[in-house]
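Just below is one structure, and these are the notes that go with it.
The values are calculated or read from the model by the stated rules, or taken from the named source; none is laboratory data. It should be emphasised that the depicted structure is a prediction, and the values quoted were computed from it without experimental measurement. All Cβ positions, glycine included, derive from the backbone under ideal geometry; neighbour counts span all protein chains shown. In case anyone asks, the SASA skips ligands and DNA or RNA and just uses the protein heavy atoms, side chains included. Shrake-Rupley method; radii C 1.70, N 1.55, O 1.52, S 1.80 Å.
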Amino acid sequence: MNHDGNQPPGSQVVALAKHPARLVQHAYEQSQIGMVITDAEGRIGMVNDAFCRIAGSERAETTGWPIEHFFVSLRALSRLPSKADGALSTPHSWQQEVLCRQSDGESVPVLMMADALLDEQGKAYGHVYTFVLFASPRGGLLEDRHWIHVDPMTGLPNWLLLRDRLDHALAQAERSDTMLALLFIDIDHFKTVNDAVGHSEGDRMLGEIAQRLQQQVRSKDTLARLGSDQFVVLLEQEGNAEAAQLVAERLQEALEPPFTQGDRYLLMTASIGIALYPGDAEDVETLIQAARSAMFIARKKGPGRLAFVDHRLTSRLKEKHRLEGLLSEAIHMPDSHLVLHYQPEFDRSTLQCTGLEAVLRWKEPNRWQQSPGDYLEVIARLGLGVRLNRWVIQKAIADHRLWQEVDSLLGKLPVAIHLCESHLAHDTFDRRPLDHFLRHQDITSYEWLTLKIPAQGLGGDLDMAIHMFKRLEKLGIRLAVEELGSSPIDMAWLSRLPFHKASVNAQLAGAHRDGRRLLEASCRMLNALNIEPVIVNIDDEAMANSLEGTSARLAQGDLYCPALTPEALAQWLIEHQPHDA
């Protein structure tokens, strides 16, 4: 013992060494290396705190899960020698570079090593996995510079680094009056393969695809991954059409050998579009769009084809991307671009207003060729439908609250809001199902709100739909189905759903020789199911006259009143409602 009474260095280890199990436990728990013990099938039995930090999971969330749930392979496994002479036998030990997803959603690169736990017969009854973070000499993760510009799945330059090299390459080509080429590569039908083999195996295949492509690219050129199954090659020198075509053909040949997945052999091909500077484009954005448009041309020819730019298609694609960019901006900043108008619904016999429907309008309509409602399919395809719905709901709540505060006639009327089909799903962009989102709004009652469900959204899981509808009903919300007749629907199914209204398009009467009878049959059937039909889009007298005698009590359309601002609508109702309203 030292003069100061403290134990000499290492004495605690010496003491613990007399109890090996305790020493091993201390090392296991306090190590900064992630450690996992699994059974023979790879199900987790034990983890240490370091692994929980690396994987971004609580310890209770790991037990019983397959180890593969917590990482994605960057490359195929590397077997470690199991004999002194280095010969390879059954892989009881191996190592891989993997990505572990952390709690903030980011992925970090990790070296994973696995060792089998063998019984007396040499049969594996479990495995020990260790996870070592790649770190800089100072101990920090390699992320400040390197990983920002590198696709972690393949190790290739990502979009940020590609954009930087494109800017530099175009400036250099302009100064030297030379050409360059951009090849846009799309792996044919990769989604189908990915779904068949599983996402982890699909990620491994992407790594192998990247390696094969990289071997065909010169060191002075750039191969980058844009995401998913799309890659780009930048040919900075000798970037003429002939050289670009030769490179494209080599890239396609590199994918010809089958890819192995277990005992299966998978064949992969790529569609490649080629754009040239300065002939096809004179800036980065246009060059990428041109190469992408050429890839679409190649894909239409069949798998494994290449194509150069068709300037007519490039022009249309450029307009498509311009529109998508404008729509994305509008949905992400709706208060700057959108307003809510309201169109009333009427009792056909008394012309009493029975409710309102929220309608989207542009703040600056001259900037757009069509109304917001005409872009809903594009908005849904961009994955922005739920985000737009959320804004409409919150805006309608604010309007309704204001109407009640000022004792407006509008505050006494129910309000209907269109829902996009994707809003019925549980996996929304912010991970909040619709009823959870509604519960967190600053409102005491939803008795005034009707949500209109698109008929085509009822073709999925019926039990899941009923479950969601019941939860909405508990909030006091009423439900309606719209666009009835626009797509096939099982009426027995419809009878099980808690709808109180259904929209029937007046255009149905004129779309078919027996259209009026079809419309009337739809109304009678809905009434029999205790679902109130509403004939919508009645925009002129001729259409109204053709619908005389139909059994629907409610109607809506510009003939009665167009969609108006709340202020204009309140005044309109005062002036036009019957005196006993």
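Points to keep in mind about this one:
- Residue check, Leu234 of a type outside the set (Lys, Arg) and assigned to a strand (DSSP E or B): yes
- When residues in the range 221-249 are screened for being touching a Phe, Trp or Tyr at 6+ places or on another chain (Cβ under 8 Å), of a type outside the set (D, E, K, R) and open to solvent by 20 Å² or more (accessible area, probe 1.4 Å), 5 of them pass.
- Qualifying residue in the range 22-32 (condition: over 22 Å from Ala124 (Cα atoms) and part of a loop (DSSP other than H, G, I, E, B)): yes
Residue-by-condition table, conditions (1) loosely packed, with under 14 Cβ neighbours inside 10 Å; (2) hydrophobic (A, V, I, L, M, F, W, C); (3) modelled with pLDDT of 95 or more:
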{"site": "Ala396", "(1), (2), (3)": "no, yes, yes"}
{"site": "Ser408", "(1), (2), (3)": "no, no, no"}
{"site": "Pro414", "(1), (2), (3)": "no, no, yes"}
{"site": "Ile417", "(1), (2), (3)": "no, yes, yes"}
{"site": "His423", "(1), (2), (3)": "no, no, no"}
{"site": "Leu449", "(1), (2), (3)": "no, yes, yes"}
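- Test: Glu106 is at pLDDT 80 or above, open to solvent by 60 Å² or more (accessible area, probe 1.4 Å), farther than 23 Å from Gln214 by Cβ and not aromatic (Phe, Trp, Tyr): no
- Hey, Gln252 open to solvent by 20 Å² or more (accessible area, probe 1.4 Å), in contact with a strand residue (DSSP E or B) (Cβ under 7 Å, 6 or more places away or on another chain) and either within 19 Å of Lys301 (Cβ to Cβ) or in a loop (DSSP other than H, G, I, E, B) (or both) or not: yes
- Against the list (1) open to solvent by 60 Å² or more (accessible area, probe 1.4 Å); (2) at pLDDT 85 or above; (3) aliphatic (A, V, I, L, M), the condition Val536 fails is (1).
- Residue within the range 90-100 that is more than 24 Å from Asp203 (Cβ to Cβ) and modelled with pLDDT under 85 present: yes
To keep it simple, each residue is scored yes or no on (1) in a loop (DSSP other than H, G, I, E, B); (2) under 21 Å from Leu484 (Cβ atoms).
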position: Arg516; (1), (2): no, yes
position: Cys523; (1), (2): no, yes
position: Asp539; (1), (2): yes, yes
position: Ala542; (1), (2): no, no
position: Leu559; (1), (2): yes, yes
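- The single condition among (1) open to solvent by less than 50 Å² (accessible area, probe 1.4 Å); (2) touching a residue at least 12 places away in the same chain (Cβ under 8 Å); (3) within 16 Å of Ala358 (Cβ to Cβ) that Leu554 does not meet is (3).
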